[in-house]
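The values are calculated or read from the model by the stated rules, or taken from the named source; none is laboratory data. For clarity, every value in this text was computed on a predicted model and none was experimentally measured. Cβ placement follows ideal geometry from the backbone for every residue including glycine, while neighbour counts extend to all protein chains displayed.
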């Protein structure tokens with residue numbers, strides 16, 4: 001078992017994709033113990049709101065590991081109070097045992113005769129638990145092995161989260177953007193595009209929108225109130241972003257007063273509504289000493305064959321126009337093109353990008 005544990009540790013620490021880390025953990029523990037099923041659950045939801053359990057990886061014998069998609073409707077997920085054993089494990093920080101417990105939910109739900117729930121020892125990121133279901137109670141030796149694996153998992157996740165987040169705001173950093181963007185644009189490549197009349201047409205209902213956010217007159221804030229107050233403004237804007245956008249939308253700080261949002265799903269009108277809501281939330285927030293802060297936002301749809309730089313440049317054109325139209329404004333690149341304000345920035349011929 002020692003050799004197997006080392007092999008799984010190597011596989012775990014080779015993972016750089018945060019969303020696949022929990023899947024790797026679930027599959028690794030399943031293979032290591034030969035259990036009936038292993039699952040990782042995390043609590044999602046803002047502080048003070050109703051929280052729900054997101055399945056981040058459910059592994060079963062001879063079946064593919066599954067997880068809830070990040071864009072799942074929150075109302076489809078079980079409430080935190082529906083699983084008191086998980087809550088007790090999180091509160092006590094020790095394993096909790098249960099008899100005949102359902103693991104998973106919906107079509108992936110399975111009944112396990114014996115279940116042990118262990119808290120994930122992580123300091124950064126969403127709180128969560130590991131559940132192991134088996135025909136017989138877990139032995140003491142097996143429990144020690146899993147707990148050792150979880151300690152390594154926790155240390156590695158903390159390092160991974162810290163390396164991928166901006167130190168000041170806690171948002172994702174610039175270095176993580178390209179990889180996330182490529183994952184966001186890949187599904188678009190599988191869609192059937194209608195090239196009639198030379199147009200690229202596809203539904204954006206399951207696509208992505210990229211928004212660039214720039215704090216208006218931020219240099220004036222630093223010059224008038226000092227950099228400590230300027231940093232506080234950045235932290236508060238990041239907090240408003242978390243409160244405004246959904247748990248599966250990706251929020252980044254690119255540096256200085258510039259932020260980026262990778263918004264999943266919906267139409268252009270939906271995206272406009274989300275960014276407008278954020279703009280209003282910032283404009284109405286009473287920032288200490290500064291009082292009023294506003295933002296200019298430009299956004300665009302992530303298109304087939306887009307690169308991160310090309311998409312960012314389109315959204316940034318919207319920011320530039322918003323600045324020149326008085327600031328505190330949200331503009332969509334596609335709407336600016338339709339209105340003749342901007343020329344189309346289609347820089348692709350086939351799969352070749354022109355510079």
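Quick notes on this one:
- Among residues of the stretch 201-211 being part of a strand (DSSP E or B) and within 17 Å of the chain's Cα centre (by Cα), the one that is modelled with the lowest pLDDT is 208.
- Checked against the criterion of being at pLDDT 90 or above and either surrounded by 16 or more Cβ atoms within 10 Å (Cβ to Cβ) or part of a strand (DSSP E or B) (or both), the candidates 111, 168, 143, 160 yield just one match: 143.
- Failed condition for residue 185, given (1) surrounded by 13 or more Cβ atoms within 10 Å (Cβ to Cβ); (2) closer than 26 Å to residue 163 by Cβ; (3) in contact with a helix residue (DSSP H, G or I) (Cβ under 9 Å, 6 or more places away or on another chain); (4) at pLDDT 80 or above: (4)
- Qualifying residue in the stretch 265-274 (condition: closer than 19 Å to residue 328 by Cα and touching a helix residue (DSSP H, G or I) at 6+ places or on another chain (Cβ under 9 Å)): yes
- Boolean, residue 342 is without any contact (Cβ under 8 Å) to a residue 60 or more places away in the chain, surrounded by 15 or more Cβ atoms within 10 Å (Cβ to Cβ) and in a loop (DSSP other than H, G, I, E, B): yes
- Scanning the stretch 259-310 for residues that are in a helix (DSSP H, G or I), surrounded by fewer than 17 Cβ atoms within 10 Å (Cβ to Cβ) and touching a residue at least 60 places away in the same chain (Cβ under 8 Å) yields one hit, 268.
- Boolean, residue 87 is assigned by TED's automatic domain parsing to the domain that holds residue 25, crowded, with 16+ Cβ neighbours inside 10 Å, over 15 Å from the mean Cα position of the chain (by Cα) and closer than 23 Å to residue 150 by Cβ: yes
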